[in-house]
Amino acid sequence: MRLYSTNSPDTYVDFGEAVLRSLPTDNGLYMPEHIPQLDDTFWQEWRTLSFHEMACRVVSTLLQGAIPEDKLTAIIADALNFPAPVVSLDDKYRVLELFHGPTLAFKDFGARFMARVMAWLTRDDDQTLTVLVATSGDTGGAVASAFHNVPGTRVIILYPSGKVSGLQEKQLTALGGNITALEIDGSFDDCQRMVKAAFLDQKTSLACNLTSANSINIARLIPQMLYYFESARQLDKPPVFVIPSGNFGNLTALLLATRMGLPVAHIVAATNINDVVPEYLETSEYSPRPSVATLSNAMDVGDPSNFTRMQELFGNDWKAMTDKITGFASNDAGTRAAIREVCEKFGYVIDPHGAVGYLAAKAWLANHPDDTTVILETAHPAKFPETIAEELGPDALDIPERLACLADEPKVSIPMAADPTDLITWLNQP
Ligand SMILES: *Cc1c(COP(=O)(O)O)cnc(C)c1O
């Protein structure tokens, strides 16, 4: 498998380089040179295969030998060891629950696969691979959990002191082992600036064997294709997928799956008021802008990083994109009302991100009453206890054991000033 950068379509890297570099130096994004179609044998059998067998066939068709079959099979089994069930609210509304992984959000799929692929790629290196990541909350937790106890790797997480929720902080600071949390006296932007400075410092970057677990890493998108296959094969006709979106990685993964042959009726891109993509689909104007804080905070993105990939997949043809994707945006009042409505109508507790999806599904179904929608539930509602309690009362939630037990774990972090030099000095200490 070869990949090119969207900014230099004529130069190629292999899969390993794209994963370890994460971002091309020309600031583009890595894209597969060729997206192979799944063959007839696959489509004859796909509904009867085990999830693991189906997953291996899809990923190995895409990777074309970049990872040997037996290794790939083991990586997939180890990374995707939790279910992605489809729950029927009724005939029209299905919910694809992507929160059964260790950190209760869909990012576990991508992060766990990427961690194991990176460990395999660097298996012959004597030097430990250091993953440096800045987080405003959820990504750091997924990355930390994904790399925890993965041999030959360590993770350094920078997070802004006092600016992540209590449980999020525990997800970053309670693991120990090969995970270190640096508690930065500053903002998320400071953390990002520090990480960038460390990467740009050649000496540090080489000495520490630095890599990034950035969310635009191609290895994170690949496993995210699989739950679309898994849910589509449970229905007798191609569904409309409704995707609560921020950086549009999830939606890009679905586009890759459709290029491999997965049949879908339509795609609905659901956003909160950070609606640059729905606006683009409506008007053909793309106007990135600073993000605005909302209840569905993992989707507060004003300039989605995967938008370039979406455009590339449609040959920069706005009309072609609008034939396949429709956008729908809603505000926080709508999100709150949707949380109540889903509970009253269906007895289901949906999180604020899924609620944005529900509103978009409802809008779609109003004009397409014969379709079946599959709404991605991207996080467990227990990650947003305040909002759920405000709308549904204090007893609506069952807190999953793996979240509840975190509360008692001790927090271990290293305080640091918001100064890139301090980070570089710290990284270089013997
Ligand atoms: C990251 C995230 C999203 C947005 O996903 P993208 O792939 O960035 O569009 C939505 N919901 C939750 C809970 C997330 O953590």
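The values are calculated or read from the model by the stated rules, or taken from the named source; none is laboratory data. These numbers come from a predicted model, not from an experiment. A quick note on method: Cβ atoms are made from the backbone with ideal geometry, for glycine too, and the neighbour counts reach across all protein chains shown. Accessible surface areas use protein heavy atoms only, side chains included; no ligands, DNA or RNA. Shrake-Rupley method; radii C 1.70, N 1.55, O 1.52, S 1.80 Å.
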Problem - Cross-chain or 6+ apart pairs with Cβ under 9 Å, the stretch 197-208 first and on the phi < 0 side of the Ramachandran plot and crowded, with 17+ Cβ neighbours inside 10 Å, then acidic (D, E) and modelled with pLDDT under 90 - result: none
Completion exercise
For the stretch 381-409 the number of residues that are closer than 19 Å to D138 by Cα and either of a type in the set (A, V, I, L, M) or open to solvent by 30 Å² or more (accessible area, probe 1.4 Å) (or both) is 14
Problem - Matching residues, the stretch 20-76, being touching a strand residue (DSSP E or B) at 6+ places or on another chain (Cβ under 9 Å), assigned to a helix (DSSP H, G or I) and open to solvent by 10 Å² or more (accessible area, probe 1.4 Å) - result: L20, R21
Exercise for the section: Could you grab the pairs with beta carbons closer than 7 Å, sequence gap of 6+ or different chains, first residue in the stretch 228-256 and away from the ligand (no atom under 16 Å from the Cβ), second one open to solvent by 10 Å² or more (accessible area, probe 1.4 Å) and among the acidic types (D, E)? Expected result: V240/D371
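Each row is one residue, and each column tells you yes or no for (1) basic (K, R); (2) assigned to a helix (DSSP H, G or I); (3) in contact with a strand residue (DSSP E or B) (Cβ under 7 Å, 6 or more places away or on another chain); (4) in contact (Cβ under 8 Å) with a residue 12 or more places away in the chain.
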position	(1), (2), (3), (4)
S287	no, no, no, no
V292	no, no, no, yes
D303	no, no, no, yes
M310	no, yes, no, yes
M321	no, yes, no, yes
A338	no, yes, no, yes
G357	no, yes, yes, yes
A360	no, yes, yes, yes
Fill in the blank from the handout: Of the residues in the stretch 87-130, those that are open to solvent by 40 Å² or more (accessible area, probe 1.4 Å), of a type in the set (S, T, Y) and within 28 Å of G16 (Cα to Cα) come to T128
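How about the stretch 334-353: which of its residues are farther than 13 Å from T271 by Cβ and surrounded by 21 or more Cβ atoms within 10 Å (Cβ to Cβ)? Outline the logic, then answer.
So the first thing to find is which residues in the stretch 334-353 are farther than 13 Å from T271 by Cβ, and the list is 336-351.
A338, I339, V342, I350, D351 - these are the residues of the stretch 334-353 that are farther than 13 Å from T271 by Cβ and surrounded by 21 or more Cβ atoms within 10 Å (Cβ to Cβ).
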Exercise for the section: For T425, state whether it is in a helix (DSSP H, G or I) and exposed (fewer than 14 other Cβ atoms within 10 Å of the Cβ). Expected result: yes
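Within the stretch 233-262, how many residues turn out to be open to solvent by 50 Å² or more (accessible area, probe 1.4 Å) and touching a Phe, Trp or Tyr at 6+ places or on another chain (Cβ under 9 Å)?
Residues of the stretch 233-262 open to solvent by 50 Å² or more (accessible area, probe 1.4 Å): 234, 236-238, 247, 259.
Adding the requirement that they be touching a Phe, Trp or Tyr at 6+ places or on another chain (Cβ under 9 Å) leaves 247.
Here the count works out to 1.
For the structure I just gave you, tell me whether R154 is away from the ligand (no atom under 14 Å from the Cβ), surrounded by fewer than 19 Cβ atoms within 10 Å (Cβ to Cβ), part of a strand (DSSP E or B) and on the phi < 0 side of the Ramachandran plot.
Numbers: away from the ligand (no atom under 14 Å from the Cβ): yes; surrounded by fewer than 19 Cβ atoms within 10 Å (Cβ to Cβ): yes; part of a strand (DSSP E or B): yes; on the phi < 0 side of the Ramachandran plot: yes.
Yes: the conditions hold for R154.
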Exercise for the section: Among what's in the stretch 257-273 and is in contact with a Leu (Cβ under 9 Å, 6 or more places away or on another chain) and assigned to a loop (DSSP other than H, G, I, E, B), pick the residue that is nearest to the ligand (Cβ to nearest atom). Expected result: N272
Exercise for the section: Restricting attention to the stretch 382-401, report how many residues are in contact with a Lys or Arg (Cβ under 8 Å, 6 or more places away or on another chain) and not in a helix (DSSP H, G or I). Expected result: 0
